[in-house]
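One structure is given below, encoded as structure tokens.
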Amino acid sequence: GTITSTTTPRVVINVDEEVRNGLVQITGITSAYVATASVIDQLHSTNATTLWSEGAWSGLRGFPRAVTTFQQRVIYGGSGYELQRIWGSVTNDIENFALGDQSLATDAFQFDIAAIGRGPIQWLIAQSDLFIGFSAAEWIVNSGTGNGVGGVSGPITPTSINATEHSAWGSATGVPPCIVGNAVFYTQRSAKTLQQMIFSVYTNKYMSSDLTSLSEHL
């Protein structure tokens, strides 16, 4: 039979993104305001726009000196131009660094750590929290939610990220850390001592101790 309805049909259109992003590679510079480029990802339009940005990494700006994985993201840290910045990929999409509108918990993120006087990022490594080694300090990054440091923390998102300093030994350049058991091992900035970083219930912080004093042959 025929189905009839007195309700006026309607269509709901949702806009996933307000901005259509494209990618171009600069191939030549004519002047301070004119350049030629090759299109890598299709642009929405060739009309003039002020909504553009330079790529974070390049031969001019440098490339990250540290990388790790954390909470289903790839995390990069510390380029030659942005010494204390970390970049996180889209969740479960490790080659995608689209920032989106920063409203989704899965969006990629960029975050500058205000580690004043602590030098550039030397390494990243992850366990229950994200550990960051600077040339003059050690920081912990998490969401700042859940049980917090030393416990189960909620996932980092573009709007939920917390960074705090936990010790100030500093790390040697070019020596990556490693996880042994429940501790992070790294080389102190003088490259003469081996440090163990582990959580302390007494201070509610990750504490670093000099293992060389326990084993002189190291």
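The values are calculated or read from the model by the stated rules, or taken from the named source; none is laboratory data. Everything quoted here is computed from the prediction, not taken from an experiment. Note: ideal-geometry Cβ built from the backbone for every residue, glycine included; neighbour counts use all protein chains shown. We work out accessible area using only protein heavy atoms, side chains counted, and drop any ligands, DNA or RNA first. Shrake-Rupley method; radii C 1.70, N 1.55, O 1.52, S 1.80 Å.
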Requested in this report: Note the full-extension length gain between residue 21 and residue 45 as 0.36 nm times their separation in residues minus their Cα-Cα distance, in nm to one decimal.
Outcome: 7.6 nm
Query raised in the report: Out of the stretch 53-151, which chymotrypsin sites (Phe, Trp or Tyr not before Pro) are coil in DSSP terms and have no more than 14 other C-beta atoms within 10 Å?
Result: 81
Query - Stokes-Einstein D (µm²/s) once Rh is taken as the Kirkwood radius of the stretch 63-150 over alpha-carbon pairs, at 10 °C in 1.306 mPa s - result: 119 µm²/s
Requested in this report: Pop the C-beta distance of residue 204 and residue 175 into the FRET formula with R0 = 30 Å and round what comes out to the nearest 0.05.
Outcome: 0.60
Report task. Normalising by the residue count of the stretch 7-96, find the relative contact order in percent from Cα pairs under 8 Å and 6+ residues apart. Result -> 15 percent
Report task. Find, to one decimal place in angstroms, the Kirkwood hydrodynamic radius of the chain, where the mean of 1/r is taken over every pair of different Cα atoms and then inverted. Result -> 20.2 Å
Report task. Whole number in Å², please: accessible area per residue of the chain, 1.4 Å probe, ligands, DNA and RNA not counted. Result -> 64 Å²
Query raised in the report: If you average the sequence gap of Cα pairs under 8 Å that are 6 or more apart and divide by the length of the chain, what percent do you get for the contact order?
Result: 10 percent
Query raised in the report: Hey, any idea what % of the chain's accessible area is carbon plus sulfur with a 1.4 Å probe?
Result: 54 percent
Report task. With the Cα gyration tensor of the stretch 1-115 in hand, convert its eigenvalues to equivalent ellipsoid semi-axes via √(5λ) and list them largest first in whole Å. Result -> 37, 24, 12
Requested in this report: DSSP loop (so not H, G, I, E, B), at most 15 other Cβ within 10 Å: list which GluC sites (Glu not before Pro) in the stretch 15-121 pass both filters.
Outcome: 17, 18, 54, 95
